[in-house]
Every structure is written in structure tokens, then in C-alpha cells.
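Notes for the one structure printed next.
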Amino acid sequence: MADDYVRYMDKTREYYLAEGYNNPYQWAHFEDTPFTPLTKPLSECRLGLVTTSDIAVLSESGERERFDAETLVGNVYSIPSDVAVERLYSRNEHYDRFETNLNDVNSYCPLTRLREFAAEGRIGSFAGRFHGVYTSYSKRLTMERDAPEVLKRCREDEVDAVILTPV
Amino acid sequence: MSLVARHLEANGIPTVVFGCARDIVEYARVPRFVFSDFPLGNPCGKPFDVTMQRQILEMGLDLLARAIAPSPTVQTPYVWSEDNSWKAKVFTKERPFMEGETHERWMRAKEKYRQLKAAGKI
């Protein structure tokens, strides 16, 4: 068992049932898989980053204030990629707080690593901003509103490929 | 997140997802998925372990470069702890999914969702 991965859908279903909900969350499910190949070497590619890690930016004075007002559309917001990582933190509460922490932004939002790979020429460049998506219980809103907004921004950024990270 | 990856991919942008909840991501079917068998929180490597973080990102880049069709899940070679005892404790009474204020916020959000759904607004 310890060698096998954790079944979060089963665990969550059991949790809902214990809370008295017998109509638990329906996870997104598809039979098909869309695919687009990468058509040029990574050393010539601009990479984008999209995260659902609830990443947020501290104010200049280090306060946890509203930071996304200018960029937020639906659940999608953007942050300049050259932000000091020391100013970033995650507001996510759904990580395993008994086993780990979110103290290192790069463990769930690999900004520094992407900058390094760009500086080393492993990738062509890292886009000038990255994007956050606040998670929603509504798959419809995610599909009809938020995913198209992320696509629009990624096209504006002219990225060749995108890395996605939750917590 | 998988829904966003699928939408980008369907519209001509290659993607790679990093994650720790293997069953959820695989259920949604994304074309490239790098799985670390870790507790939820650090899909890009253990906190402050730069070498591991670089290697995990590299596995994703390699997958981007070589995939010519939707790829099976790629698992990173790392273990969280030697006995992996954390796995049996996930979402147990000893280690509840949520508690206190977090749990109350979550229940309120769920209630709001039910109301909106019942009203046909989402």
C-alpha cells in the first residue's frame, strides 16, 4: 500500500459522505486527450507558467493585501515574472499541512528554476508574466470563462508551451 | 487545472502538468503529466531542494520535447520518506482534510455553490 499512490477521489468521497453529503463532487472526466506537439527546440521556445496554487504577492511593506485588482478577470490574474520570489506566498489551504509546507514558492511555482533554465539556454526564454487561476467548484465557469481567458493571455505572451502547477 | 491545460492544448499550445494527485489528473486526461508521489503541496520538488526541483522540471521539459502523442504519466524517481507512512494518514481523523476555520469556509463555499447550482447560475 505504501508503494501505491493515494486515491484522492476515493478519500474525498469518503470525507463528503462522513459530512453527510451523499452527492459528492464530480471530478472532471474525459475520454479523449487533446494534443499539440512542440515544433521547435526548447532552446528557441518561450515558456509560460500557469498555476492554481493561489499564489499571491505581498505589498511593498510586506502586508497581505489585495494585489490582483488590476489583472483579475473571472478567476484569472497575472503577475510579472520578475517579481521578487520573497514577495510571493500561497494562500492555499488544501496542501498536506501535516507533512509539508508552502514556504518555498519554487516547490509549487517554479519561477526561479525557469529563470535559471532561461539564463542557461535550456529554454529560449520565460514569459514576462505568469498567470494564476483561482479554483472554482464550477467546471462550466472554468471551461467557458477562465480557460479561454488563460488562452487569450498566453497568446498575448506569445508562448510556445505552458507549464501548469497546482499545490 | 487539468481543464485549463486541455483547453490550451486543444487550441495549439503544448502543455505539461506537474502534480501529486495522480488519480485526479489522470481522470481528466491531460497530454503530459509529471507525477511526484508526494503529499499535496510540492509538485515541483521538496522545499528548498534546488537539485530535485531542477530535475523534476527537466523531466517535464524533456517530455515536452519528445512527446509526439498524448503520453503516459511520467513518475519522478523520488520518495517523500523512507516508509511512506504519510499515505495511510491522508484525510484520516488523525489528519483531517480540513478543520476549524478552513473547514467552515469550505462548507460555506460548498453551500453557496449548491444554491447557485440550484438556481441554474453555474
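Could you list A:T112, A:T142 in order of exposure, starting from the residue whose Cβ has the fewest other Cβ atoms within 10 Å?
Details: A:T112 15, A:T142 24.
Least crowded to most crowded, the residues run A:T112, A:T142.
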Cut-off under 26 Å on the C-alpha distance; same-chain residues fewer than 8 positions from A:K152 excluded. Which lysines are left, in chain and number order?
A:K40, A:K139, B:K121
Here the Cα Rg-to-2.2 N^0.38 Å ratio for region A:20-167 is 1.13
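Fewest to most neighbouring Cβ within 10 Å: what's the order for B:S2, B:S36, A:S125?
A:S125, B:S36, B:S2
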Suppose only helical runs count, i.e. DSSP H with n ≥ 4. What mean residue ellipticity at 222 nm does that imply for the protein assembly as shown under -39500 (n - 2.57) per run, divided by all residues and rounded to the nearest 500 deg cm²/dmol?
-9000 deg cm²/dmol
From the phi of every residue in region B:78-86, what ³J(HN,Hα) in whole Hz does the Karplus formula 6.51 cos²θ - 1.76 cosθ + 1.60 yield, where θ is phi - 60° and glycine or proline is x?
9, 10, 6, 8, 4, 8, 6, 5, 4
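Using Cα pairs under 8 angstrom and six or more residues apart, how large is the relative contact order of region B:2-82, in percent? Working shown, then result.
Details: 113 pairs, mean separation 26.1, N = 81.
Worked out over region B:2-82, it gives 32 percent.
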Could you give each residue of region B:113-122 its phi-based ³J(HN,Hα) in whole Hz, using Karplus coefficients 6.51, -1.76, 1.60 with θ = phi - 60°, and x for Gly or Pro?
4, 4, 5, 4, 5, 5, 7, x, 8, 9
Against the longest principal axis of chain A, how steep is helix A:147-156, in degrees 0 to 90 to the nearest 10, with axes from Cα atoms?
10
Rounded to whole angstroms and listed largest first, the alpha-carbon spread of region B:2-82 along its three principal axes comes to 39, 24, 18
Whole-number percent relative contact order across region A:1-148, with pairs defined as alpha carbons under 8 Å at least 6 apart:
32
What do you get for the angle between helix A:111-120 and the principal long axis of chain A? Use alpha-carbon atoms, 0 to 90 degrees, nearest ten.
40
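What is the antiparallel percent of DSSP beta bridges lying wholly in region A:40-165, to the nearest 5? Before the final figure, lay out each step's value.
Working: 9 of 18 bridges.
Here the share of antiparallel DSSP bridges comes out near 50 percent.
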Taking amide hydrogens as modeled 1.01 Å from N in the peptide plane, which residues meet the under 5 Å criterion relative to A:R129, leaving out close sequence neighbours?
A:S81
Along each principal axis of its Cα atoms, how long is the protein assembly as shown end to end? Whole angstroms, biggest number first, please.
53, 47, 46
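What net charge do the residues around B:A69 carry, taking every other residue with its C-beta under 14 Å from that of B:A69, with Lys and Arg at +1 and Asp and Glu at -1? Could you put the intermediate results ahead of the total?
Values: positive: B:R29, B:R32, B:R66; negative: A:D32, B:E9.
That works out to +1.
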Amide H of A:V162: which non-local residues (sequence gap of 5 or more, or other chain) have their own amide H closer than 5 Å, using H built in the peptide plane?
A:G48, B:T15, B:V16
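Laboratory data are not the source of any read-out in this text; all were calculated from the coordinates shown. Nothing here was measured: the structure is a model prediction, and the numbers come from that model. For neighbour counting, all protein chains shown are included, and Cβ atoms are generated from backbone atoms with ideal geometry for every residue, glycine included.
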